[in-house]
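The values are calculated or read from the model by the stated rules, or taken from the named source; none is laboratory data. All figures in this text were calculated on a predicted structure; none of them were measured in a lab. Positions of Cβ are generated from backbone atoms using ideal geometry, with glycine treated the same way; all protein chains shown enter the neighbour counts. Each accessible area value is taken on the protein alone, full model and side chains, heavy atoms only, with ligands, DNA and RNA left out. Shrake-Rupley method; radii C 1.70, N 1.55, O 1.52, S 1.80 Å.
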Amino acid sequence: TSTGYVRRDAKRAMRGVHHSWLQEQLPDLETYHMLRDAFRGGNCHANRYFADQVVEDAHSADRSSSYPDTQCNCQFPISKFFDYGPASLDEVMHLILKRKRACLLAVAISGLRLRNPEWGCPYLSRDKCRNIIGGDFDNGRILSADYLETTITDVDLRIIVEEYAADDLFFYKVKHARYGLLPRPLIEETIEYYRRKTALKGVAGEEVYYTKAKNKLNSIYGMMAQNPVKQSILYHQHGVLDPETGELDYYPEDTVPEQELLDKSNRRAFLCYQWGCWVTAWARYRLEEGIRLAHQDGAEFLYCDTDSVKY
């Protein structure tokens, strides 16, 4: 596959990075579970006040290669995650603003509501929240709730405190790591793939190759975001033979323990799963800036998708 070529190049680039540096920051099982809970893709949502309407004077703006941009220009967790324990909002903001730490945060929020009730793109996703009580929703997004729990990064928290007000935020599990740039060889490899894509953009007759180059560029992020703990699901037309009884079993329960799968993944890893988690978080943060720009000078936000804003 085309991703296979990118994987080979990324592995080659990462040979210039000391193996022990990478191994130190690979997540343990508890951190992995928090990363899975915090992981979220691009922000795609339509303004509920314009749904089902035809808008004539619509404009669009987008960020060029948003994910590769964050990989090259934003900071990521580049150390192991340390346990901090329960914390208040003030303590967490001290970690983020004063100590400049990357944070994984499991938080319980009471009395949540939008600061601006007319805000067209509520950030919190119903799917990524737990134990929601008294929720008011907008097509999968949370407008308000009496109580909910969710797991987020410090980047998400920056958006949430700007967009929402709350009676109380209690962070019942906090992990933090050192921030820094991704390894230089990986950044340079990303820039090289960006050069190849950009050289083909708008060139007549090269449309297919441009699309392929664009897919390869995005594959670098895709490798970071690949779930390191994946169960194999085997299908067989006539069932599976139970190794103990020798009888056909149509519902084999042979899942491998998560710890075993994570250990196996960590032994051969050349990228960190948390990097993929932060790539999309930073991209959502940049998109949020675009959504706010769309509200200036009398304009109205209409719709967004990952790296573009319609207004």
Starting from region 58-73, keep only residues that are farther than 16 Å from Ala299 by Cβ, then list their pairs with residues that are among the acidic types (Asp, Glu) whose Cβ atoms are within a distance under 7 Å, requiring at least 6 positions of separation or different chains. Arg63/Asp69; Arg63/Asp307; Ser66/Asp307
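Regarding region 201-212, can at least one residue be identified that is among the aliphatic types (A, V, I, L, M) and either surrounded by 13 or more Cβ atoms within 10 Å (Cβ to Cβ) or closer than 30 Å to Ala108 by Cβ (or both)?
No; the residues of region 201-212 include none that is among the aliphatic types (A, V, I, L, M) and either surrounded by 13 or more Cβ atoms within 10 Å (Cβ to Cβ) or closer than 30 Å to Ala108 by Cβ (or both).
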Unmet criterion (only one of (1) hydroxyl-bearing (Ser, Thr, Tyr); (2) touching a Leu at 6+ places or on another chain (Cβ under 8 Å); (3) within 30 Å of Ile220 (Cα to Cα)) for Tyr164: (3)
Among Arg101, Arg141, which is within 23 Å of Cys44 (Cα to Cα) and not aromatic (Phe, Trp, Tyr)? Arg141
Would you mind stating whether Phe301 is open to solvent by less than 50 Å² (accessible area, probe 1.4 Å), more than 30 Å from Met14 (Cα to Cα), in a loop (DSSP other than H, G, I, E, B) and in contact with a helix residue (DSSP H, G or I) (Cβ under 8 Å, 6 or more places away or on another chain)? yes
List, please: which pairs have Cβ atoms under 7 Å, are six or more places apart or on different chains, and start with a residue in region 100-123 that is on the phi > 0 side of the Ramachandran plot and end with one that is of a type in the set (Ser, Thr, Tyr) and assigned to a loop (DSSP other than H, G, I, E, B)? none
May I ask you to verify whether Leu200 is farther than 30 Å from Arg113 by Cα and modelled with pLDDT of 95 or more? no
Using the structure shown, decide if Thr198 is polar (S, T, N, Q) and either within 30 Å of Trp21 (Cβ to Cβ) or crowded, with 17+ Cβ neighbours inside 10 Å (or both). no
Boolean, Leu186 is outside any strand (DSSP E or B), open to solvent by less than 10 Å² (accessible area, probe 1.4 Å) and modelled with pLDDT of 95 or more: yes
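Can you work out which of the residues in region 195-233 that are hydrophobic (A, V, I, L, M, F, W, C) and in a helix (DSSP H, G or I) is nearest to the chain's Cα centre (by Cα)?
Out of the qualifying residues, it is Met224.
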I need a count of the residues in region 112-148 that are surrounded by 15 or more Cβ atoms within 10 Å (Cβ to Cβ), under 18 Å from the mean Cα position of the chain (by Cα) and either closer than 25 Å to Glu91 by Cβ or of a type in the set (D, E, K, R) (or both). 6
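Is region 256-275 home to any residue that is among the polar types (S, T, N, Q), loosely packed, with under 13 Cβ neighbours inside 10 Å and either farther than 30 Å from Ser60 by Cα or under 22 Å from the mean Cα position of the chain (by Cα) (or both)?
Yes: one or more hits.
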